[in-house]
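**Q** Before we start, here is the structure in question, set down as structure tokens.
Derivation of every value follows stated rules applied to the coordinates shown; laboratory data play no part. Small disclaimer: the values here were computed from a predicted structure and weren't measured. Cβ atoms come from the backbone with ideal geometry, glycine included; neighbour counts cover every protein chain shown.
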Amino acid sequence: MSEGTALWWQSGTVYQIYPRSFMDSNADGIGDLPGITEKLDYLGWLGVDAIWLSPFYPSPMADFGYDISNYVDVDPIFGNLADFDKLVEAAHARNLKMLVDFVPNHTSDEHAWFKESRSSRDNLKSDWYIWRDPKPNGDPPNNWLSNFGGSAWQFDKVRQQYYLHLFDVKQPDLNWRNPDVVKAMLGVMWFWFDRGVDGLRIDVIYLLFKDEALRDNPPDPNWKEGEPNFDQQIKKYTEDQPEMDSIILEMRKVADEYPERVLIGEIWLPYDRLVRYYGAEQNGLQLPFNFQLLLLTDWQASSVRQLVESYEAVLPIGAWPNWVLGNHDKSRVATRLGQAGARLAQLLLLTLRGTPTLYYGDELGMTDVKIPPELARDPQEKGSPGHGRDPERTPMQWDASANAGFSSTGASTWLPVAPGYQSVNVEVEKADPASMLSFLHELLKLRRENPALNTGSYRSVAGSSPACFVYEREGGGKRFLMALNFSGQLQTLSVNEPGQNQGKIIISTHNRREGVADLSNLELQVAEGVVIEL
């Protein structure tokens, strides 16, 4: 990529906001759109470039907004369309792009489309959802499982048929083989692009089509007792079907009617299948989400290096990479890796080639919050106990006041606030130059100001220690060397850089500033990562 040709979604950093948990402006214990608008100056200071909002649409909240009853409005708990317009305007005034969630796989069972579809077998929307007759013995049409536990089929007494729901029973799947469904959903995209959004994050896009013959999914021989129930099967016939290519082309055509709009796809697939979603000629999704860092359990230098190298190797020519460390569906990075490990991981995220996505609160080192069973809200927890997503969705920690400054004193927050919020919050960490927040702020500033780090080339570098991952980024007339120690011991590296035997440490996860670094004798503390300007 030549200098000056990068688009904003290639050079920038995306910040995910879970609206229920970011900022409550009206003391009802639930975050809202005016609350997000109120905190835009913080995001501008932090140094991110785009905001992605999880769903805020009208919903019965069976799955907290992913069960949508109206795609073209705002749920009153979050505000209204005027509030959304103000948020977009205020974000754009601060040079922040706005991305919203597009949830095309399923609606709420309270959506007007589903109410009409279930009313009879011969109404105009009868085929807008996936309906099938029972087997002769009354059983569901096949063995498909819901992601929230149990069968993916629900019998409806009115139609005397089963409807498919790959998620909650109140989330019936749309029938994307029906051209009227396609037309309606493309219309939803036009609505939000016309309203000024800069991109769409498309929820579970790889699930839109299911096997037309409804063949049974085979069992997964690797599944073990205690793992999520929905992982008992290999999802051969419920994900990544061949028909996906044509519909992604249609979505891309809509996005391309507007300047520099981006489509990001939620796709939980290995690299060899993920890259297909870029399209044969880069005419698919610009950013099929790469979740492999988030899923990695063997957090060792060799594993991370292999993961990065294999991704770079399979990317189609011209395709732009992306990286994710945390989101609303997985345990927080500081819980998975500890605070020191989280710093190292954030340095990795923000210095690899590709667009990074940062989950709200991870810049503070927020951790999962243990939720008592009586306060659990997530339907996935109820279907697969111990695998719920509430712990990583708790309120943002702004200051040491009641409710962490998320909601006014006396309000009952929709999920409990973390018990350690008095010391882990924006106000405290902003004033501490050694905090996680100060570290991320400095790292984001360095990334934004240097083309080498936001759009430059990448290559791994040989080092003397297998416990370390070393790589170089180059661009804009500058070169940076990243050296990350993934081990529990001090490491001394001899970095092989021809014609280069020293550099300057710009940033360290351990906050050291020692000026000149000897590349032939580079010491890294336990779990330390450094950025060295060459």
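**Q** Which residue, chosen from L214, I234, N175, occupies the Cα position most advanced towards the positive end of the dipole of the stretch 174-269, where the dipole is computed from +1 (Lys, Arg) and -1 (Asp, Glu) charges on Cβ about the Cα centre?
**A** Of the options given, the answer is N175.
**Q** Oh, and also: So, in nm, how far is label A280 from label Q160 when the simple model puts each one 7 Å beyond its Cα toward the Cβ?
**A** For A280 paired with Q160, the spin-label model returns 4.6 nm.
**Q** Related question: Might you report the magnitude of the Cβ-based charge dipole of the stretch 1-126 about its Cα centre, with Lys and Arg at +1 and Asp and Glu at -1, to the nearest 20 debye?
**A** About 240 debye.
**Q** Now a separate question. If exposed trypsin sites (Lys or Arg not before Pro) are those in a DSSP loop with at most 15 other Cβ within 10 Å, what is the longest stretch of the chain that has none?
**A** No qualifying site falls inside 371-511, the longest such stretch.
**Q** How fast does the chain diffuse by Stokes-Einstein, in µm²/s, taking the Kirkwood radius from C-alpha pairs at 20 °C and 1.002 mPa s?
**A** Details: Rh = 24.3 Å.
D, rounded to a whole number, is 88 µm²/s.
**Q** In terms of modelled amide H atoms, which long-range or inter-chain residues lie less than 5 Å from the amide H of Q16?
**A** W52, L358, Y359, Y360
**Q** How high is the relative contact order of the stretch 457-533, given as a whole-number percent (alpha carbon pairs under 8 Å, six or more residues apart)?
**A** 32
**Q** Calculate, in nm to one decimal, what K504 and R195 gain on full extension: separation in residues at 0.36 nm each, minus their alpha carbon distance. Please list the in-between numbers first.
**A** On the way: separation 309, 0.36 × 309 = 111.24 nm, distance 4.61 nm.
Once the chain is fully extended between K504 and R195, it gains 106.6 nm.
**Q** Could you tell me what percent of the DSSP beta bridges with both partners in the chain are antiparallel, to the nearest 5? Kindly include the intermediate steps, with their values, before the conclusion.
**A** Working: 37 of 61 bridges.
For the chain, the DSSP antiparallel bridge percentage is about 60.
**Q** Moving to a separate point now. Cα-Cα pairs above 19 Å in the stretch 457-533: how many percent?
**A** Roughly 26 percent, rounded to a whole number.
**Q** Still on this structure: About the Cα centre, and with charges only on the beta carbon of Lys, Arg (+1) and Asp, Glu (-1), how big is the dipole of the stretch 457-533? Nearest 20 debye, please.
**A** My answer is approximately 200 debye.
**Q** Shifting gears a bit: Along the stretch 258-266, what does the Karplus equation 6.51 cos²θ - 1.76 cosθ + 1.60 (θ = phi - 60°) give for ³J(HN,Hα), rounded to whole Hz, x for Gly and Pro?
**A** 10, x, 6, 7, 10, 10, 10, x, 7
**Q** If you fit an axis through the alpha-carbon atoms of helix 333-351 and take the longest principal axis of the Cα set of the chain, what angle between them do you get, 0 to 90°, nearest 10?
**A** Here the helix axis deviates by roughly 70 degrees.
**Q** What are the residues whose amide H is under 5 Å from the amide H of D101, where those residues sit 5 or more places off or on another chain and H is modelled from the backbone?
**A** Residues meeting the criterion, in which the H sits 1.01 Å from N, are L53, R201.
**Q** Take the residue pairs K115/K236; K157/K224; K39/K430 and return only those whose Cα atoms are more than 25 Å apart.
**A** Listed pairs above 25 Å: K115/K236; K157/K224.
**Q** Helix 179-194 versus the longest principal axis of the chain: what is the Cα-based angle in degrees, 0 to 90, to the nearest 10?
**A** 40
**Q** For a label point 7 angstrom out from the Cα of Y271 toward its Cβ, which stretches of the stretch 435-469 have the backbone nitrogen within less than 12 Å?
**A** none
**Q** Out of residues 5 or more away from I68 or on other chains, whose amide H comes under 5 Å of its own, with H placed 1.01 Å from N in the peptide plane?
**A** Those qualifying (amide H under 5 Å, at least 5 residues apart or on another chain) are S108.
**Q** Per-residue ellipticity at 222 nm for the chain, helices alone: DSSP H runs ≥ 4 residues times -39500 (n - 2.57), over residue total, nearest 500 deg cm²/dmol?
**A** Rounded to the nearest 500, the figure is -7000 deg cm²/dmol.
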